[in-house]
Each structure stands twice: as structure tokens, then as C-alpha cells.
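Student: Questions regarding the structure given below will be posed in turn.
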Amino acid sequence: MPRVKHAPASRARHKKVLKRAKGYRQGRSKLFKRAKEFSERALTYAWRDRRRKKRDFRRLWIARLTAACRGQGISYSAFMAGVKRAGWAINRRSLAEIAFQEPEIFSRLVEKVRSQ
């Protein structure tokens, strides 16, 4: 039987890994073994951080809302409780955008929450 080396398949695998490692420094982008190690690590970080991103943005929105609420003389928790009590279907992202870009509209929202 003839000897089989699997050259086309392994070359394709190597090319895929080296393409993914493009832009890495020194041997990490040129040598297959090192490129594989570091691109796998990068994929792990990317997977983790896609999930972290959601947490980080929620924290940012809450921090912005807290600052805006304190400026209006109300706590964040009291404001959010009022929003729930009023039955508004508006999320923290939208509220943070309103507080950041339209402070006068946000102050009217705070007044409505206070009157509840």
C-alpha cells in the first residue's frame, strides 16, 4: 500500500490557524505550534468576554442612572422601584440614554415617579 501523508488536509488546518493568528507578534503569527496555542487562548478570551460585555454594559447603565438620579435628589433604587410601580416597559439602557442625552426629559420622568 502507498504511504499517505495527509498533506492537503494538514496544510489546510495550518493555514486556517495561521490566518487566525495574523497580527500576533513574532513567532506567534508565523510558527504553527505557537500560533495554535495563542489563537486558542484568544478564542477562549473572546468567548468569555462576549458574555462579560453584557455585564459591563449593564454596570455602565446603572452607574449613569445612579449619577442622574442623585442629581435629581432621588436614589437609583427608589427610581427603579417607581418605574416598576408605574408599569413602564423601559429598560435601563434606554433610561441611561435619556438621562445622558436628554436631562430635562429625565427630570420629568423623575417627577412622575415621585408623584406615584
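Throughout, read-outs are computed from the coordinates displayed, never taken from laboratory work. Keep in mind that this is a model prediction, so the values were computed, not measured. Cβ coordinates were reconstructed from backbone atoms using ideal geometry, including for glycine residues, and neighbour counts include every protein chain displayed.
Student: Is it true that Arg34 is touching a Gly at 6+ places or on another chain (Cβ under 9 Å) and assigned to a helix (DSSP H, G or I)? Break it down stepwise before answering.
Tutor: Numbers: touching a Gly at 6+ places or on another chain (Cβ under 9 Å): yes; assigned to a helix (DSSP H, G or I): yes.
Taking the combined requirement at face value, the residue satisfies it.
Student: Right, here's the next one. Given the conditions (1) in a helix (DSSP H, G or I); (2) under 18 Å from Arg13 (Cβ atoms); (3) not basic (Lys, Arg), which single one is not true for Ala78?
Tutor: It fails just one condition, (2).
Student: Six or more apart or on different chains, Cβ under 7 Å: which pairs go from a residue in region 92-116 that's within 26 Å of Lys54 (Cα to Cα) to one that's part of a helix (DSSP H, G or I) and among the small types (Gly, Ala, Ser)? Could you list them?
Tutor: Ala99/Ala68; Phe106/Ala68; Phe106/Ala99
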